1. Quick one: grab the alpha carbon gyration tensor of region 81-132, order the square roots of its eigenvalues as a ≥ b ≥ c, and give me rounded if a/c is under 1.5, else prolate or oblate depending on whether a/b is larger than b/c.
2. What are the ³J(HN,Hα) values, in whole Hz, obtained from phi via the Karplus relation 6.51 cos²θ - 1.76 cosθ + 1.60 with θ = phi - 60°, for each residue of region 22-30 in sequence order, with x given for Gly and Pro?
3. Give me, ordered by chain and number, the residues 5 or more places off Val79 or on other chains with an amide H under 5 Å from its own placed amide H.
4. At what distance in nm do the modelled label points of Asp34 and Ser120 sit from each other, each positioned 7 Å from its Cα along Cα→Cβ?
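No value in this document is a laboratory result; all are computed from the given coordinates. Because the structure is predicted, anything quoted here is derived from the model rather than measured. Note that each Cβ is placed from the backbone with ideal geometry, even for glycine, and that neighbours are counted across all protein chains shown.
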Amino acid sequence: MSSPGKYRARTFCIDREAKGYLFVAEGKSYIVLDDCKLMGVGLCGDVCITDFVEVRPESVEQYTGLKDKNGVEIYEDDVSQTIIPEGIRLSKFVYFYDEALARFRKKRSDGEIYDCDAISEKGKVIIGDIHTTPELLEGSHE
């Protein structure tokens with residue numbers, strides 16, 4: 001992933017979530033944390049930052065620019081579900097980036113693919129992601 005934008009990934013050391021901006025150097029992936037501090041600018045124009053962490057490349061997920069009904073940011077590989085007022089849980093969706101169409105889409109648990117938009121995501125709740133809670137996808141063929 002090389003496009004600009006916000007990302008989420010798991011760190012190597014203590015396996016915690018890091019959110020920020022992705023950069024890759026010498027084959028390693030790093031997240032510059034959202035709340036990083038600028039140390040200064042060098043004589044040649046290099047920017048020095050203090051708060052970045054190496055992350056597991058397989059866990060890097062890009063922010064879709066959308067939020068669920070609770071205001072939670074939606075990242076690729078997140079799992080969402082619509083829960084109606086009666087407490088009934090409807091189909092689950094997994095978000096992904098469609099390279100051919102150059103946009104984020106979502107795949108329903110039965111395999112059907114849909115476009116994402118701010119209006120349709122407002123009724124959904126993020127219940128996990130495929131990396132940290134893969135069990136959410138087990139037996140979810142409504």
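1. Note, shape of region 81-132 comes out prolate.
2. 8, 9, 10, 9, 6, x, 10, 9, 9
3. Those lying under 5 Å, H to H, from Val79 are Ile127, Gly128, Asp129, Ile130.
4. 2.6
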